Structure formats: structure tokens, C-alpha cells
Amino acid sequence: MTSSSHDRADRAEQFHVLFEAHYPKLLAYALRRTRTEADAHDVVAETFTVAWRRFDDLPPQDRWLPWLYGVGRRVLANQRRSAARQNQLADRVATESSVGGYHAEPSAASNLVQEQMARLRPDDQELLRLATWEELSHDQIATALGISANAVGIRLHRARNRLGRNLEKAGYRGSRSPEEHAKDSGVARTQTEVKDQPKDYPDKEPM
């Protein structure tokens, strides 16, 4: 085996490790942020395609997952822009909200938290989701968003305060924290999330 072939084999093996380790969590991440299961799988597929193409840019292994979240976030943004263009041609598409077997009725308090979260800026919403749904540390969120850990701490504190003020104005009087309700509503969408690895992992290297 030539040196080039050996390097390619090592790369494919490392990619397989990356895929096997982080597919379930990446799919859960996508399911919480898309309207259909099919859209979520598209996000995951495109994210791993980018990971293969940029494999030499991967951070150390303990930061692979937040790095993938960062790629997934950009893939989601592209997907939403594409969907917005399509919705201009077919308004009915914009009202479809099927989430297949991943839907569950949240509590009234969780509904209120979700409504008030939606009033926050998109950046604040994503910070709270990464901290609450994905349970990332400040350092991991920094990797996902491409900012410093110090900036994460400051922005997260402000986002929580904004959410708290919104909830007070809306009359929230629950005993549980807003983030606990937010977490519940995220988990509800992924209660059946990927218990097994996908059965169709390609034998060949990604193109």
C-alpha cells in the first residue's frame, strides 16, 4: 500500500469513528430545529458531507461534536433560506407542521416558555438551546458558534435574563425554571430519537 493509500484509509477510518460517535446526537440536534424528520436527516447528511470535505480542519476529538453543531447550524440556515424561497411560490407549504412520530403535546407552561423564547433574537434562542437541549459547556458552545467562551458566558446570561423578563410579563408563575420547561419541550420532539446507529452506513468512503 502506498503512503497516499494508507493516509486515505486512515482518514476513512477516523471518519467512521466520527460518524458512529456523533450521528445520534447530531440527528437529535437537527430534529429539534426542523419541521419534518426528512429535513432533519437532510441536515445530518449534509453536515457529515461537509465534515468529510473539511476533515483536515477538524478540531481535537473532544471538540468534534460542537464543531459538527456549528456546521449543522450553517446547513440549517441554508435550508431555511431555500425553504423561504419555495414558500413564496406555495404559501400552503409554510403552514405544514408535521413532525411525524416525534411530536408530543407539551404542557401549558412549556408552551408559554417556547412562545417567549420565540420572541428572543435568533442568536439568543440558539444559545439557550445549545445550553439546555444539547447540554453543552461554555467552551463547547464557543466551538459551535465560533466565539470565545467568555462571550458565551456573557451572552447566555443576558439571554436568560431576557427570557425571564419576557416570562414575567406573560404572567409565568411556575415553580420550575424556564430552562427546565424549555428542555422538556425539546426532549418531547426527540423521545424516540435514534436509539440505534443507522443501518446503512456506507461501505465506501464518502465522495
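The table below gives the values:
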read-out	value
Over the range 31-80: Rg over Rh, Cα atoms, Kirkwood Rh	0.99
Local electrostatic count at GLN140 - Lys and Arg +1, Asp and Glu -1, tallied over other residues with Cβ under 11 Å	-3
FRET efficiency for ASN150 and ALA170, using Cβ-Cβ distance with R0 set to 30 Å, rounded to 0.05	0.45
Whole-Hz ³J(HN,Hα) from phi, Karplus 6.51 cos²θ - 1.76 cosθ + 1.60, for the range 26-35, glycine and proline x	5, 5, 4, 4, 5, 4, 6, 10, 10, 8
Centre separation in Å (Cα based) which lies between the range 21-68 and the range 110-126	23
Likely footprinting exposure, PHE48, PHE15, PHE55, fewest C-beta neighbours within 10 Å first	PHE55, PHE15, PHE48
Packing-based ranking, highest mean first, of 135-146, 19-30 given that Cβ atoms within 10 Å are counted	19-30, 135-146
Among 31-38, 147-154, the order from most to least packed when residues are scored by Cβ within 10 Å on average	31-38, 147-154
Label point distance in nm, ALA21-ARG74, each placed 7 Å from Cα along Cα→Cβ	2.1
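FYI, it's all coordinate maths here, none of it is from the lab. Model, not experiment: these values are computed from the prediction. Every residue, glycine among them, receives a Cβ derived from its backbone with ideal geometry; neighbour counts consider all protein chains shown.
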